[in-house]
Amino acid sequence: MPDLTLDLHPEAPSDHAAIERLHERAFGPGRFARTAFRLRENVPPFADLCFTARVGTLLVGSIRLSPVEIGAGFAAILLGPITIDPAFQSRGIGGALMRRSLETARTKGHSRVILVGDAPYYQRFGFSVVPPGKLTLPGPVDPARLLLCELADGAFEGVSGPVRGTQAA
């Protein structure tokens, strides 16, 4: 396959329908039952932290980050979904979206990010498995897939408890 000319852009309201179709193709109808989806339900994502990837005019990837609260009022970000069109997977698009969104979050003063995903993939972006008993989600999650990333040193020290969706401040 030839090299892609990839353009990353902040997500725009006009992208929403294409992103929803992308989520439907990638995750199917079962996505609504997942615990991470429940945390995002009725919680608008951070508009300034969500990005799309395009090849030409075709939207081929999307990443969203949403506000959550941990325990007694610790602000954090829930990363996801990150979605790449199946025809464009394994081309570096997910990595480009991850780097852009995490760096933007860091620049804007965010310090804590969590996600549910595959540790071997996300470790290269600074994620590690959450220590047992530190965080609880509102539904079942494989503990080996509950990950955290500190965007500032020590950001998760003393942070524990239930995770819930919240409105951005």
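Of note:
- Hull volume per residue, based on the alpha-carbon atoms of region 106-169 and their convex hull, is 101 Å³.
- The amide H of Ser160, built 1.01 Å from its N in the peptide plane, has Ala72 as neighbours under 5 Å, considering only residues 5 or more places off or on other chains.
- From phi via Karplus (6.51, -1.76, 1.60), per-residue ³J(HN,Hα) for region 77-90 in Hz, x at Gly/Pro: 10, 9, 8, x, x, 10, 10, 10, 3, x, 6, 10, 6, 6
- Here is how the number arises for the chain: DSSP H runs of 4 or more residues each give -39500 (n - 2.57), the sum is divided by the residue count, and the result at 222 nm is -6000 deg cm²/dmol.
- Rounded percent of accessible protein surface that carbon and sulfur make up, the chain, 1.4 Å probe: 54
- The longest stretch of the chain left intact once loop-based GluC sites (Glu not before Pro) with at most 13 other Cβ atoms within 10 Å are removed from consideration, loops following DSSP, is 42-156.
- A P(r) calculated from all alpha carbon pairs of the chain, with 5 Å bins opening at zero, reads 1, 8, 18, 22, 22, 15, 8, 3, 1, 0, 0 percent.
- Between 0 and 90°, nearest 10: helix 16-27 axis offset from the chain longest Cα axis: 80
- Phi-based couplings in Hz for region 129-141 (Karplus 6.51, -1.76, 1.60; Gly and Pro marked x): 5, 5, x, x, x, 6, 10, 10, 10, x, x, x, 8
- Solvent-accessible surface of the chain, averaged per residue with a 1.4 angstrom probe and all protein chains in place: 51 square angstrom.
The values are calculated or read from the model by the stated rules, or taken from the named source; none is laboratory data. Just so it is clear, the structure is predicted and the values come from calculations on it, not from any experiment. Reconstructed Cβ throughout: ideal geometry from the backbone, glycine too, with neighbour counts over all protein chains shown. Calculation scope for accessible area: heavy atoms of the full protein, side chains included, ligands and nucleic acids excluded. Shrake-Rupley method; radii C 1.70, N 1.55, O 1.52, S 1.80 Å.
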